[in-house]
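All of the numbers you see were taken from the coordinates with simple rules; none came from a lab. Remember, it's a predicted structure, so these values are computed and weren't measured experimentally. Here the Cβ positions follow ideal geometry from the backbone for every residue, glycine too, while neighbour counts run over all protein chains shown.
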Amino acid sequence: MYLLLLPLALLLTPSPQAVQNKKLQILKPSLHQYEDGPALAPDYTWRPGDLVHLTFFVSGFTPKGEDRKVGLNYRIDALDPKGIKLVETLTGTVDVELAPEDKEWLPKIRAMVQVPPIADTGDYRIEINVKDESSSKEAAEYLTFRVQGRDVAPSDSLVIRNFRFLRSETDGPALSPPAYKPGDPVWARFEITGYRMAEKNRFEVEYGLGVELPDGRRVYDQPTAAVVADESFYPKRYVMGVLSLNTKPDTGKGEYFLVVSVRDKVGGQSYEERHTFRVE
């Protein structure tokens with residue numbers, strides 16, 4: 001009796017039917033604060049400007065030819081709550097040759113997306129699509145993640161939102177009541193929204209300030225305090241404005257009006273509002 005010894009590679013080779021029935025799968029998609037960090041729980045809350053690191057594995061692909069070449073193409077999209085892409089579609093390939101001992105090997109794919117600095121609050125989504133070039137099979141998966149952004153109500157026309165007087169340059173709760181001593185700097189912050197955008201989400205907004213007395217006399221005027229212009233892949237729905245005004249040691253005590261004016265250079269809009277503060 002003779003014992004037939006077959007090569008190990010032949011013994012481990014699946015039948016054509018088994019290969020045909022394998023399902024391409026995206027396994028263990030997870031989000032991390034940093035590359036290869038611990039996977040975060042689904043209820044983790046992200047902040048504007050955070051870097052979101054993504055990892056996942058792919059199984060069920062079919063190595064091609066005698067050199068057992070793996071060819072996977074993948075694309076990743078990150079979407080805001082309205083389905084708008086945060087960045088251009090991320091694409092990549094896995095192009096490797098497997099050795100016989102690599103039969104359990106699975107590719108680990110990494111990607112990174114930044115939460116927009118002006119992100120709205122809501123549930124964001126990462127969509128993953130993978131294609132096996134050898135078998136033409138495709139797989140899709142998605143993850144959602146929660147972002148706690150700044151609450152800036154949308155507007156169809158140019159407007160100021162969330163105006164607040166502050167004690168210093170640092171943002172925080174509004175000063176209540178907005179009262180300053182002679183010689184104190186007067187700080188204010190706000191958001192501007194409702195401006196128009198041109199091609200490539202380009203916008204240009206300028207704002208200025210004035211100070212008026214209760215009788216309407218203007219005692220200070222700075223028509224252009226700042227200009228904010230930019231373009232980006234992801235539309236910047238609002239911009240943040242900051243103003244400062246230096247009172248003098250001999251500034252008269254009483255009530256004043258800070259007049260904030262905004263101009264939309266792309267859309268040809270203008271807007272103005274007044275806010276009361278006291279020197280006492």
**Prompt:** In the stretch 41-170, what percentage of the DSSP-assigned beta bridges are antiparallel, given to the nearest 5?
**Reply:** 95
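Say the cut-off is 27 Å between C-alpha atoms; which of K103/K137; K28/K200; K85/K131; K137/K200 go over it? Don't skip to the answer; put the middle values down first.
On the way: K103/K137 19 Å; K28/K200 36 Å; K85/K131 21 Å; K137/K200 35 Å.
Listed pairs above 27 Å: K28/K200; K137/K200.
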**Request:** Among Y207, V242, V262, pick out the residue whose Cα is farthest towards the positive end of the charge dipole of the stretch 159-279, where Lys and Arg carry +1 and Asp and Glu carry -1 on C-beta, about the Cα centre.
**Result:** V242
**Item:** Sequence-distant aspartates and glutamates (8 or more away, or on other chains) whose Cα lies within less than 20 Å of K248
**Value:** E169, D184, E212, D221, E280
**Item:** Residue-by-residue Karplus 3J(HN,Hα) for the stretch 208-224, coefficients 6.51, -1.76, 1.60, Hz, glycine and proline x
**Value:** x, 9, x, 10, 10, 7, x, 7, x, 5, 8, 9, 7, 8, 9, x, 10
**Asked** Which value in nm describes the separation of the simple spin-label points at D221 and Q114, placed 7 Å from the Cα toward the beta carbon?
**Response** 4.0
**Asked** Roughly what would the spin-label model give for L213 and S270, points 7 Å off Cα along C-beta, in nm?
**Response** 2.5
**Message:** Once you keep just the Cα pairs under 8 angstrom separated by 6 or more residues, what percentage relative contact order results for the chain?
**Reply:** 15
**Asked** Which length gain, in nm to one decimal place, applies between L90 and S59 when the Cα-Cα distance is subtracted from 0.36 nm times their residue separation?
**Response** 9.1 nm
**Using θ = phi - 60° and Karplus 6.51 cos²θ - 1.76 cosθ + 1.60, couplings along the stretch 139-156 (whole Hz; Gly, Pro as x)** = 9, 9, 8, 8, 10, 10, 9, 9, 10, 9, x, 7, 7, 10, 4, x, 8, 7
**Message:** With an 8 Å Cα cut-off and a minimum separation of 6 or more residues, compute the relative contact order for the stretch 159-279 in percent.
**Reply:** 31
**Request:** Identify all aspartates and glutamates with a Cα-Cα distance to K22 below 12 Å; exclude those on the same chain that are fewer than 8 residues away in sequence.
**Result:** D132, E138
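Evaluate the charge dipole of the stretch 159-279 about its Cα centre and quote only its size in Debye, nearest 20, assuming +1 on the Cβ of each Lys and Arg and -1 on the Cβ of each Asp and Glu.
In debye, rounded to 20, the stretch 159-279 gives about 200.
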